[in-house]
1. From the square roots a ≥ b ≥ c of the eigenvalues of the alpha-carbon gyration tensor of the chain, which class results: rounded (a/c under 1.5), prolate (a/b over b/c), or oblate?
2. Give me the angle, in degrees from 0 to 90, between the Cα long axis of helix 2-22 and the longest principal axis of the Cα atoms of the chain, rounded to the nearest 10.
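Read-outs throughout are calculated quantities, based only on the coordinates presented, and are distinct from any laboratory measurement. These numbers come from a predicted model, not from an experiment.
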Amino acid sequence: MAIMLMQNMLGQVNKIKWYSEHVRESQYLLQIVKCRNTECCRPRNGIVRLLD
């Protein structure tokens with residue numbers, strides 16, 4: 001039971017970490033963006049890469 005609880009907590013921590021790195025949010029906008037970590041997201045392409 002304790003192992004399942006720890007796995008659940010780790011899963012929640014991973015979701016919060018992903019959200020904080022990939023989501024930009026305001027009252028009128030929700031934007032999901034790629035991070036710069038190539039192990040997580042593919043490299044940016046097109047005009048977005050040039051603006052970085």
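1. Working: a/c = 5.39, a/b = 1.91, b/c = 2.82.
Cα axes put the chain in the oblate bin.
2. The angle comes out at about 10 degrees.
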